[in-house]
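Below is one structure, written out as structure tokens, with a few remarks after it.
The values are calculated or read from the model by the stated rules, or taken from the named source; none is laboratory data. For clarity, every value in this text was computed on a predicted model and none was experimentally measured. Note: ideal-geometry Cβ built from the backbone for every residue, glycine included; neighbour counts use all protein chains shown.
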């Protein structure tokens, strides 16, 4: 658990200036007025709030309106939501949430207002599966149930602890895909990603042990993931890999996979645009515009010119993709790993 806490701290720093793709308070910030809430066209007898430029939604109200049974354990400071085989636990003490055995750390997604629990739209997407948008007249927050792919995502844990090595690993395995071969290929890709990191950790631990300072610290590795998109026969997964092998702090590296569930292809940027379209220029323009808007340009370690040929990204709602840069790639450690959104033409036809 300790290594996961360090991972949480690292990711919190790295996410400090990251751009959120969920509906933000920007659309509502002019007057900070509370807005009504609609779930799949039905009005909820409660309102949203804005705090620290974040759009916040009342957990109990939207949970109960969505058919969840809400529970509260005072001794454990835990909130539970249960519905149709879904089991969600939010732990306020250690700032984690568990969705069907997959534990993740919260990053300021929960706020207490007048002794009531509010959550951000990012957490609404992650645990309740809603798409969050504003109404056309900007007076309502609209939550829409998203049709998910008909697969089951099983969480796999791989933990180990010794005097010199700690592993705290979670990764997904999918079940229920019609094409068993494609399912096997996707699961194998996730397993190979984890295995490569574990092998490197074992090597680092062995190398450390052979040095004079080898007993001074241990090798620590944590891997976790976030399902960013699970629709339209596409599965987009982002991994966070935290490693500490000595020094002032550990490092976190992000990786992502965007699988076409019909073919098993890991989609590239070119696959999301019409043939012949100069998508590189479009994405570069979007990044530069957002850097200027967020006043990040003056903090660049090196000028941003263009995304890489193999630029990592993930797919989000509303025909948006998100590109991200690694720690120190363009910004100092304290600036985090900002994310930048760009629109794309659509999911490849063969994936629909």
Requested in this report: Of the numbered conditions (1) part of a loop (DSSP other than H, G, I, E, B); (2) under 17 Å from residue 253 (Cα atoms), residue 136 fails exactly one; give the number of that condition.
Outcome: (2)
**Report entry** The one condition in (1) touching a residue at least 60 places away in the same chain (Cβ under 8 Å); (2) closer than 18 Å to residue 259 by Cβ; (3) touching a strand residue (DSSP E or B) at 6+ places or on another chain (Cβ under 7 Å) that residue 185 fails to fulfil
**Finding:** (3)
Report task. May I ask you to say which residue of 128, 123 is without any contact (Cβ under 8 Å) to a residue 40 or more places away in the chain and assigned by TED's automatic domain parsing to the domain that holds residue 65? Result -> 123
Query raised in the report: Can you pull out the residues in segment 167-188 that are exposed (fewer than 15 other Cβ atoms within 10 Å of the Cβ) and either outside the structural domain of residue 208 (by TED's automatic domain parsing) or farther than 17 Å from residue 99 by Cα (or both)?
Result: 176, 178, 179, 180, 181, 184, 188
Requested in this report: Please state which one of 279, 313, 344, 259 is in contact with a helix residue (DSSP H, G or I) (Cβ under 8 Å, 6 or more places away or on another chain), free of Cβ contacts under 8 Å to residues at least 60 places away in the same chain and surrounded by 12 or more Cβ atoms within 10 Å (Cβ to Cβ).
Outcome: 313
Query - strands (runs of 3 or more DSSP E) within segment 15-132 that include 3 or more residues farther than 30 Å from residue 293 by Cβ, in contact with a strand residue (DSSP E or B) (Cβ under 7 Å, 6 or more places away or on another chain) and at pLDDT 90 or above - result: 42-47, 69-73, 78-83, 86-91, 96-99
Requested in this report: Go through the residues of segment 156-166 one by one and say whether even a single one is buried (at least 19 other Cβ atoms within 10 Å of the Cβ), within 22 Å of residue 63 (Cα to Cα) and either modelled with pLDDT under 95 or not assigned by TED's automatic domain parsing to the domain that holds residue 254 (or both).
Outcome: no
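With respect to residue 54, determine if the residue is buried (at least 17 other Cβ atoms within 10 Å of the Cβ), over 27 Å from residue 168 (Cα atoms) and either under 19 Å from the mean Cα position of the chain (by Cα) or assigned by TED's automatic domain parsing to the domain that holds residue 235 (or both).
Numbers: buried (at least 17 other Cβ atoms within 10 Å of the Cβ): yes; over 27 Å from residue 168 (Cα atoms): yes; either under 19 Å from the mean Cα position of the chain (by Cα) or assigned by TED's automatic domain parsing to the domain that holds residue 235 (or both): yes.
Considered against the rule, which asks whether it is buried (at least 17 other Cβ atoms within 10 Å of the Cβ), over 27 Å from residue 168 (Cα atoms) and either under 19 Å from the mean Cα position of the chain (by Cα) or assigned by TED's automatic domain parsing to the domain that holds residue 235 (or both), residue 54 comes out as yes.
I'd like the residue in segment 318-337 that is farther than 16 Å from residue 271 by Cβ and within 13 Å of the chain's Cα centre (by Cα) and, out of all such residues, is surrounded by the fewest Cβ atoms within 10 Å (Cβ to Cβ). Please lay out each step first, then the result.
Step one: filter segment 318-337 for residues farther than 16 Å from residue 271 by Cβ, giving 318, 324-337.
Checking which are within 13 Å of the chain's Cα centre (by Cα) leaves us with 324, 337.
Values: 324: 20, 337: 24.
Filtering segment 318-337 for residues that are farther than 16 Å from residue 271 by Cβ and within 13 Å of the chain's Cα centre (by Cα), the one surrounded by the fewest Cβ atoms within 10 Å (Cβ to Cβ) comes out as 324.
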